[in-house]
Amino acid sequence: MSSDRVSGLVILQRGRSKPVQQRHPWIFSGAIDRIEGDPADGDLVDVRDAGRNFLARGYINQRSQIVVRILSWDQDEQIDAQFWRERIRRADDTRGALAANVGTTAYRVVHAESDYLPGLIVDRYGDWLVVQLLTLGVASRQAPIVEALVELLSPRGVYERSDVDVRGKEGLGRRNGLLWGDEAPEITTVLENGWGFLVDFQRGHKTGFYLDQRENRALMPFHCGGADVLDAFAYSGGFSVYAASAGAKSLTLVDSSAQALELAGRNLALNGFSNCTTDCVEGDVFSVLRGFRSQGRLFDVIVLDPPKFAHTTREVQRASRAYKDANLLAMQLLHPGGRLFTFSCSGGVSPDLFQKIVFGAALDAQRDAQIIRTLSQGIDHPVALTFPEGAYLKGLVLRLV
Ligand code: SAH
């Protein structure tokens with residue numbers, strides 16, 4: 001348990017204050033001249049420039065490349081229970097439109113740095129809150145954070161899904177379990193734009209559902225009436241449910257996870273779409289699509305929503321090849337006039353680079369294609385202007401000529 005007391009000073013090197021003054025929330029080891037006061041990892045520290053002028057206040061972890069994550073630029077602001085309550089309340093307030101929509105009961109309440117709460121993710125699934133405490137600074141302040149969530153959002157329970165590798169960079173292990181409230185259900189039912197979805201927040205991917213695709217999934221109905229639809233990397237069938245809602249002729253879902261496909265089948269049934277011809281294929285998208293290509297199969301709409309292929313900037317080149325291969329295959333499987341919904345959730349792949357990759361795929365596929373929409377992450381995954389790293393999901397809707 002960390003205290004609310006500032007227990008150290010981080011003095012920056014001369015000429016390295018500008019990003020902090022511009023309110024970027026990360027301080028890397030290379031910008032630091034010295035650390036005074038011997039703060040323990042997780043403690044609060046004040047950041048000062050080379051002339052010892054106050055710049056900001058945050059929490060420290062010398063095990064991480066990001067040594068300090070900033071919480072406040074105001075010298076008078078205490079980082080206490082009141083602070084966490086106020087910041088979470090502010091984040092929750094900005095989700096007012098989603099909270100007021102009775103057709104949507106699942107959304108992200110806190111998007112970490114982009115909501116000025118570094119390291120903290122909070123997702124709401126109906127009466128349940130699922131949190132990720134990604135840094136030591138927030139993990140050691142679990143008590144006031146959970147207290148604030150309970151007080152402000154009145155959940156039935158708060159469940160932790162911190163079973164993620166990035167915690168290793170902070171010297172933390174993986175954690176998964178109930179933090180507060182009732183025993184967590186095996187499956188909970190949420191609504192998204194009026195459609196029902198079963199979510200397994202204890203074991204599912206991320207915190208259980210790909211909330212960031214809500215607004216993009218809602219575009220499917222415009223293109224899927226009477227269509228043969230291929231949902232590649234389908235997970236629990238998010239895009240397929242919307243395709244079925246518009247009267248798709250057939251659905252083909254491909255995913256490597258049998259549990260995900262099982263849930264997808266149940267999600268289609270839950271919304272009354274059992275009559276749509278549905279084929280769930282468990283396997284690797286690359287080989288399944290190659291198989292379709294050799295069978296000469298064609299589709300009217302293809303969704304390509306792969307997992308994060310690049311976890312670091314070093315992986316971008318290899319990831320680019322994988323994105324290109326997947327897009328090339330998809331383009332070869334589309335009828336003239338067909339639509340491709342194609343995405344990348346790798347932060348290291350910029351929208352520009354992604355468009356170039358897709359262009360390269362079209363050249364190789366010898367297909368002309370037009371961008372009819374440019375897509376990004378949902379409104380509950382905002383990007384603080386001071387933190388462009390918060391933008392990670394990009395997508396294009398293409399019309400194949
Ligand atoms: N479109 C989904 C989210 C997809 S997440 C939605 O809207 O909810 C990516 C999915 O790709 C995961 O379900 C994962 O199991 C699957 N996956 C990852 N690599 C794969 C591969 N090589 N072949 C098939 N599926 C894969």
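What follows draws every value from the coordinates through simple rules; no lab data is involved. What you see is a predicted model, and the numbers here were worked out from it, not measured in a lab. Cβ sites come from the backbone with ideal geometry, for glycine too, and all protein chains shown count toward neighbours.
Taking 0.36 nm per residue of separation and subtracting the Cα-Cα distance, what length does fully extending LYS169 through GLN355 add?
Details: separation 186, 0.36 × 186 = 66.96 nm, distance 3.12 nm.
The LYS169-GLN355 span can extend by a further 63.8 nm.
Give the shape of the stretch 259-393 as rounded, prolate or oblate, defined through the alpha-carbon gyration tensor: a ≥ b ≥ c are the square roots of its eigenvalues, a/c under 1.5 means rounded, and otherwise the shape is prolate if a/b is larger than b/c and oblate if not.
oblate
In debye to the nearest 20, how big a dipole does the stretch 1-139 give about its Cα centre with +1 on each Lys and Arg Cβ and -1 on each Asp and Glu Cβ?
400 debye
Which shape class, rounded, prolate or oblate, goes with the stretch 127-207 when its Cα gyration tensor gives a ≥ b ≥ c as root eigenvalues, a/c under 1.5 marks rounded, and past that a/b bigger than b/c marks prolate?
Working: a/c = 2.20, a/b = 1.41, b/c = 1.56.
Judged from the Cα gyration tensor, the stretch 127-207 comes out oblate (a/c at least 1.5, b/c at or above a/b).
Over the stretch 292-401, what is the relative contact order in percent, taking alpha-carbon pairs closer than 8 angstrom and at least six residues apart? Mind dumping the intermediate values first?
Numbers: 199 pairs, mean separation 35.0, N = 110.
Rounded, it is 32 percent for the stretch 292-401.
Tell me, in nm to one decimal, what length is gained between SER257 and GLU186 on full extension, where the rule is 0.36 nm per residue of separation less the Cα-Cα distance?
Length gained between SER257 and GLU186: 23.8 nm.
Hey, what number do you get for the chain at 222 nm if only DSSP H runs of n ≥ 4 count, each worth -39500 (n - 2.57), divided across all residues, to the nearest 500? Walk me through the numbers on the way to the answer.
Working: 12 runs with 110 residues, N = 401.
It lands at -8000 deg cm²/dmol.
At 0.36 nm per residue, minus the direct Cα-Cα distance, what do HIS335 and GLU215 gain on full extension? Give it in nm, one decimal, please. The partial results should precede the final answer.
Numbers: separation 120, 0.36 × 120 = 43.20 nm, distance 2.52 nm.
Stretched fully, the HIS335-GLU215 segment lengthens by 40.7 nm.
Let me spell out the model: positive unit charges on the Cβ of Lys and Arg, negative unit charges on the Cβ of Asp and Glu, origin at the Cα centre of the chain. What dipole size does that give, in debye rounded to 20?
That gives a dipole near 1140 debye.
Taking only C-alpha pairs under 8 Å that are 6+ residues apart, what is the relative contact order of the stretch 84-204 in percent?
Numbers: 214 pairs, mean separation 27.1, N = 121.
In percent, rounded to a whole number, it is 22.
Suppose R0 equals 35 Å; then what is the FRET efficiency for GLN22 and SER294 from their Cβ-Cβ distance, rounded to the nearest 0.05?
0.05
Running a GNM on the chain with Cα contacts under 10 Å, which residue among ASP200, ASP46, ASP74 ends up with the highest mean-square fluctuation?
So, out of ASP200, ASP46, ASP74, the one fluctuating most is ASP74.
If you take every DSSP beta bridge fully contained in the stretch 1-48, what fraction is antiparallel? Give it as a percent rounded to 5.
Counting only bridges with both partners in the stretch 1-48, antiparallel ones make up about 45 percent.
Report the one residue of LEU328, VAL301, VAL316 whose Cα lies farthest in the direction of the positive end of the charge dipole of the stretch 290-334 (charges on C-beta: Lys and Arg +1, Asp and Glu -1; origin at the Cα centre).
Toward the positive end, the furthest listed residue is VAL316.
Between SER29 and ASN176, what is the label-to-label distance in nm when each label sits 7 Å out along the Cα-to-Cβ direction?
The answer from the label model is 3.1 nm.
Would you mind getting me the FRET efficiency between ASN101 and ALA246? Use the beta-carbon distance for r and R0 = 25 Å, nearest 0.05.
On the way: r = 20 Å, r/R0 = 0.81.
Step by step, r from the Cβ atoms, then E = 0.80.
Taking DSSP loops as anything outside H, G, I, E and B, show the longest stretch in the chain free of GluC sites (Glu not before Pro) there with at most 10 other beta carbons within 10 Å.
187-401
What angle, in degrees between 0 and 90 and rounded to the nearest 10, separates the Cα long axis of helix 316-332 from the longest principal axis of the Cα atoms of the chain?
Result, in degrees: 20.
Between the stretch 199-248 and the stretch 336-389, what is the separation of their alpha carbon centroids in Å?
17 Å
Relative contact order of the chain: what whole-number percent is it, with Cα pairs under 8 angstrom and at least 6 residues apart?
It comes to 11 percent, rounded to a whole number.
Compute the signed sum of charges (Lys and Arg +1, Asp and Glu -1) over the other residues within less than 10 Å, Cβ to Cβ, of ARG63.
That sum, taken over residues with Cβ under 10 Å, equals -1.
Need one word for the stretch 246-287: rounded, prolate or oblate. Basis is the Cα gyration tensor (sqrt eigenvalues a ≥ b ≥ c); a/c below 1.5 gives rounded, then a/b vs b/c decides.
On the way: a/c = 3.24, a/b = 1.52, b/c = 2.13.
In terms of gyration-tensor shape, oblate.
Only Cα pairs within less than 10 Å get springs; with that Gaussian network setup on the chain, which residue of ILE70, ILE11, ILE302 has the largest fluctuation?
Its mean-square fluctuation being the largest, the pick is ILE11.
Putting +1 on Lys and Arg Cβ atoms and -1 on Asp and Glu Cβ atoms, find which of TYR392, CYS345, ALA369 reaches farthest to the positive end of the dipole of the stretch 335-401.
Of the options given, the answer is ALA369.
Of the DSSP beta bridges with both residues in the chain, give the percent that are antiparallel, rounding to the nearest 5.
DSSP beta bridges in the chain are roughly 65 percent antiparallel.
Under 19 Å between alpha carbons, and skipping anything fewer than 8 positions from LYS324 in its own chain: which lysines qualify?
LYS308, LYS356, LYS394
Obtain the nm distance between the two label points defined at PHE286 and GLN62 by a simple spin-label model: each point lies 7 Å from its Cα along the Cα-to-C-beta direction.
4.3 nm
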